[in-house]
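Written out below as structure tokens is the structure these notes cover.
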Amino acid sequence: MSAAAAQPVTAPVPAAARLAWLDALRGIGALAVVAEHLLPWFLPQLRPYWFSLGIYGIFVFFLVSGYIIPTSLERHGDVRKFWISRFFRLYPLYLGVIVLVLALSWWVPVRPEVPRDAGAVAAHATMLLDVVNVGGVADTMWTLSYEMVFYLLVTALFLIGGHGRSGLLSVSFAAGAVVVGLTASGAVLVGGWPAYVSAAVFVAGLACVVWGRLRTAAACVLGLMALALLPLSSRVPWLAVAVLAVMFAGTAIHRWERGRGRLWPVAVAAALVGVAPLWAVQGGWWWVRADVWLTTLALAAATFAVGMALRGRRLPRVLTWLGLISYSLYLVHHPLLKYFVAITGDLRWAEPAYQLAMAALALAVVLAVSALSYRYVERPMQALGRRLSGGRPRRLQGEGDRGVAGQDARHDGVLGHEEAQVPHRVRDHVGQGDALR
């Protein structure tokens, strides 16, 4: 490896400081997510259109997720422990929000994008919602699909020894996004059967991965299935492939930082993702206009770069706290905003002072509920997952990374995401030019 490729960016820093910048980035992403949904309903005159707050937020989150998740698996050195921790990190709150939305559907109906059939149940069970063309009962659940696809791919790559080729993977997915954008006008595999088949493969494959029977073969089948779903049955195929390019770019940055890779593939992948939607067959949304899309990507990349530059510095406590509760904040904020508006009525033409007061109150409610759900749902379930998986993870010989030693389990978690959706009325129906779906 050349000297240029091997130079680390900084000297080692204390673990707490090293983790704080990741939480701060999550906090910034979480604020962008909430603002994307709060402003159109409460303060529409403040909503920016020169960049997409929503896409900005999810790209920051996906970069952070790509940066830390593969390292988490390598640090565990045990895919069984990794997947048990994933389950208890993701599913308890996720299932709780589903129950809440369904229980209150007599008041605020479930969004019409959710099929009323068993296919929706199968898609929600696997979290592969968006990549099997099924809407989530909570609007923001769509990005969890790409977290799950990433986990499946990373597990397969880890077991076959291909997890070190992050730069090549990032460029490949980015080039794939361009090709898919030029050729695909939507999902090829439609109907309920992709959800049924993927659910069956998901359950059987993960059972093998967790219990050790045919583990590598099962992981490869799961990875290939996830890879096929991206261009063939996703709601927006080019975006699905581009998201994986962004996530593997985050991994490539981490490997470059540790002196185990080069940075130029990240630049190439970024350029390809930047042009992917510009001539895409499937498009037309305001957020894929060249000026908006490129500005949004540049801001997300700059935010991540600034976060890296400031690691080791003392960061605002509010940002790290928001990052800590970001998964709760991501999942609960949109249903809560719907319920809030159902009580107050349409606020878009109210007096500015009243809009501001209601927005502040709604934000306070969302933050309070998110903090409580983290304290009483997320944290206990994560602790239970660690106990069931056998305590603290062991380190693989030859795979240890001094740069992540001592990381807390909470930094392995799925990150907050957001759906780039601009409500046209105070329901789930949106203007055609604004809806991601």
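What residue, of L31, L39, L22, L73, is aliphatic (A, V, I, L, M), at pLDDT 95 or above, farther than 18 Å from V243 by Cβ and assigned to a helix (DSSP H, G or I)?
L39
Taking A138 as the residue in question, decide whether it is buried (at least 22 other Cβ atoms within 10 Å of the Cβ), within 30 Å of R80 (Cα to Cα) and out of contact with any Leu (no Cβ under 6 Å at 6 or more places or on another chain).
yes
Evaluate the following for L93: is it over 21 Å from A249 (Cβ atoms) and aliphatic (A, V, I, L, M)?
For L93, the condition - over 21 Å from A249 (Cβ atoms) and aliphatic (A, V, I, L, M) - is met.
Can you name the number of the only condition in (1) surrounded by fewer than 24 Cβ atoms within 10 Å (Cβ to Cβ); (2) within 16 Å of V79 (Cβ to Cβ) that G164 fails?
(2)
Yes/no matrix, rows are residues, columns are (1) surrounded by 18 or more Cβ atoms within 10 Å (Cβ to Cβ); (2) assigned to a helix (DSSP H, G or I); (3) touching a strand residue (DSSP E or B) at 6+ places or on another chain (Cβ under 6 Å):
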| position | (1), (2), (3) |
| --- | --- |
| R213 | no, no, no |
| L222 | yes, yes, no |
| M225 | yes, yes, no |
| A228 | no, yes, no |
| R235 | yes, no, no |
| W238 | yes, yes, no |
| F248 | yes, yes, no |
| I253 | yes, yes, no |
| G261 | yes, no, no |
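With respect to the numbered conditions (1) surrounded by 14 or more Cβ atoms within 10 Å (Cβ to Cβ); (2) at pLDDT 95 or above, which one is the sole condition not fulfilled by L361?
That leaves (1) as the condition not met.
Just to be sure I understand, how many residues within segment 197-211 are within 23 Å of the chain's Cα centre (by Cα), surrounded by fewer than 20 Cβ atoms within 10 Å (Cβ to Cβ) and within 15 Å of V131 (Cβ to Cβ)?
1
Name the residues in segment 93-121 that are farther than 11 Å from V134 by Cα, assigned to a helix (DSSP H, G or I) and either in contact with a Pro (Cβ under 9 Å, 6 or more places away or on another chain) or acidic (D, E) (or both), would you?
V97, L100, V101
Tally time: how many residues in segment 180-195 are in a helix (DSSP H, G or I) and more than 23 Å from the chain's Cα centre (by Cα)?
Matching residues across segment 180-195 total 3.
Out of all the residues in segment 275-292, is one or more within 18 Å of G54 (Cα to Cα), of a type in the set (D, E, K, R) and surrounded by fewer than 24 Cβ atoms within 10 Å (Cβ to Cβ)?
Checking segment 275-292: at least one residue is within 18 Å of G54 (Cα to Cα), of a type in the set (D, E, K, R) and surrounded by fewer than 24 Cβ atoms within 10 Å (Cβ to Cβ).
Here are some conditions: (1) over 30 Å from A360 (Cα atoms); (2) of a type outside the set (K, R); (3) touching a Lys or Arg at 6+ places or on another chain (Cβ under 8 Å); (4) in a helix (DSSP H, G or I). G274 meets all but one. Which one does it not meet?
Unmet for G274, out of (1) over 30 Å from A360 (Cα atoms); (2) of a type outside the set (K, R); (3) touching a Lys or Arg at 6+ places or on another chain (Cβ under 8 Å); (4) in a helix (DSSP H, G or I): (3).
Looking at segment 57-77, which of its residues are of a type in the set (G, A, S) and surrounded by fewer than 24 Cβ atoms within 10 Å (Cβ to Cβ)?
Hits for segment 57-77 are S72, G77.
Tell me which residues, restricted to segment 137-166, are outside any helix (DSSP H, G or I) and touching a residue at least 24 places away in the same chain (Cβ under 8 Å).
Result: V137, A138, H163, G164.
The values are calculated or read from the model by the stated rules, or taken from the named source; none is laboratory data. Small disclaimer: the values here were computed from a predicted structure and weren't measured. A quick note on method: Cβ atoms are made from the backbone with ideal geometry, for glycine too, and the neighbour counts reach across all protein chains shown.
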